[in-house]
Structures are given as structure tokens and as C-alpha cells.
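Everything below concerns the one structure shown next.
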Amino acid sequence: VLDERTLAEPSFREQAVWYKIVCLVTAAYTTMFRLFIAFTSMEANLIASGLGYRAKTEKEPEEFNSMRAAKIVDCLSMQSPQQCFTNWNMRCQHWLKHYVALRLMDRRKPRGTVQVWPIFATFMFSAVWHGIYFGYFAFFSGAALTDVTWKVVGGTAMAKRVRLMIPDLAYYSL
């Protein structure tokens, strides 16, 4: 996996741009799949211990994996940033939504209004939780900006026209 020392080496800096991009994308996917393995292991432990069991009710069938950690396929085939955020580390995302974001929402504003402060505060809380390093703050600030931008611009008529013009295969492929 790439680290800061590899990126700073003169031999890496002299490589072609396409080589650098391939290396960075490969490193990102390697890290992502390593985390998918960790999430899957966590789910397996919850199932094995019985903590993920939900008894049968009149409305829902019996379920053994009621405490999902990540939906891997949904993460890899996302069509919006929200789908990635809601399918990655689902327990943590659920907690952040209910204990940070919703508590900061201004209830006087109408439903559906994009409230920037709760979104940025939630992402910054997550950055602090991961560690007080510039990389985490840069990543989570960018993720918050992406989330806000998608919520504001993604539902506009222009965005819908652009999505209709681009074939699904090119627009949604990884």
C-alpha cells in the first residue's frame, strides 16, 4: 500500500501521471476492501454471538443479521454520495445521524431544507473521532462539501437532464 514515503520518493515523482493515478486508485481500493473484510468479520461475530438475532414478529420474519455493518454491493454501486455514506459503517452512521445531526437540526425550517451546519458539524465530529490529523479533517470536510452540494444541486432540473444525457453504464460505473 502506498504511504507518504513512497509518494515523496523521486522515482515515484518521475513516473507518468497515469501510473500515479493507477497506483493511488489501487491503494484506495485495497484499503476499501480491507475495511470491507473488517466489516464482514464484525457482522459474522455479531451473528455468531447471537447479538444480531431478531425474533419473528407478525410483520417481519426471523432475522439473524439485523445489525449490518456495511452493504458492500450498495457501496460499490452507489449512484449518489448519500448512498455511500448510508451504506458504509452503518452502525456508526446511524448513531451520528440520531445523536449528532438530528439534534443540531433547526426544527422551525420546513422538511427537506438543506441545513449546512448540522451536516458539517456531523462530519467534523467524525473527523475528530477518527483522530486529530489534517488528513481526516481534509477528507471529512470534502465529504461534507460533497454531501451538501449533492443535496442542493443533485435534485435540480439541470442535474436530471445531465443524468438523462449520459448513459447509465458510463455514469454509474466504478
If the cut-off is a Cα-Cα distance under 29 Å, which lysines reach residue 59, setting aside same-chain residues fewer than 8 apart in sequence?
71, 97
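Determine the share of the chain's accessible area contributed by carbon and sulfur atoms, expressed in whole percent, with a 1.4 angstrom probe. All intermediate terms of the calculation are to be shown ahead of the outcome.
Working: 8310 of 12810 Å².
Heavy-atom surface of the chain belonging to carbon and sulfur, 1.4 Å probe: 65 percent.
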Could you give the Stokes-Einstein D for region 1-62 in µm² per second, using the C-alpha Kirkwood radius, 37 °C, 0.692 mPa s?
217 µm²/s
Can you work out the FRET efficiency for the pair residue 163 and residue 40, with r the C-beta to C-beta distance and R0 = 25 Å, to the nearest 0.05?
0.20
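Return one whole number: the accessible area per residue of the chain in Å², for a 1.4 Å probe.
I get 74 Å² per residue for the chain.
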Sequence of 64, 39 from largest to smallest accessible area, 1.4 Å probe
64, 39
Using a 1.4 angstrom probe and counting only protein chains, how large is the accessible area of residue 25 in Å², to 10?
70 Å²
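Using the Kirkwood formula on the Cα atoms of the chain, what hydrodynamic radius do you get, in angstrom to one decimal? Walk me through the numbers before you get to the answer.
On the way: mean 1/r = 0.0518 Å⁻¹.
One over the average 1/r among Cα pairs gives 19.3 Å for the chain.
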What helices in the chain pass both tests, a Cα length along the helix axis of 15 Å or more and a mean Kyte hydropathy of 0.5 or higher, using whole DSSP H runs?
17-49, 116-130, 134-153
Might you work out the accessible area of residue 130 for me, using a 1.4 Å probe with all protein chains in place, and round it to the nearest 10 Å²?
90 Å²
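Assign unit charges at the C-beta atoms only (+1 for Lys and Arg, -1 for Asp and Glu), then state the dipole size of region 90-167 relative to its Cα centre in Debye, rounded to the nearest 20. It would help to have the intermediate numbers written out before the result.
Working: 11 positive and 2 negative charges, 86 e Å.
Dipole size: approximately 420 debye.
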Counting Lys +1, Arg +1, Asp -1, Glu -1, what net charge surrounds residue 86 among other residues with beta carbon under 14 Å of its beta carbon?
+3
Gain upon complete extension [residue 47, residue 138; 0.36 nm per residue less C-alpha separation]:
29.2 nm
In sequence order, calculated HN-Hα J values of region 85-94 (Karplus, 6.51, -1.76, 1.60; Hz; x Gly/Pro):
5, 7, 9, 10, 6, 4, 5, 5, 4, 5
Quick one: net charge around residue 7, please, counting Lys, Arg +1 and Asp, Glu -1 for every other residue with C-beta under 12 Å from its C-beta.
0
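Please list 128, 100 in order of solvent-accessible area, largest first, computed with a 1.4 Å probe with all protein chains present.
Details: 128 75, 100 20 Å².
Highest to lowest solvent-accessible surface, that is 128, 100.
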Run the 1.4 Å probe and let me know the accessible area of residue 88, rounded to the nearest 10 Å².
70 Å²
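The values are calculated or read from the model by the stated rules, or taken from the named source; none is laboratory data. Computed from a predicted model, the values in this text were never measured in an experiment. Counting neighbours? That spans all protein chains shown, and the Cβs are built from the backbone with ideal geometry, glycine included. Note: areas computed on protein heavy atoms with side chains; ligands, DNA, RNA excluded. Shrake-Rupley method; radii C 1.70, N 1.55, O 1.52, S 1.80 Å.
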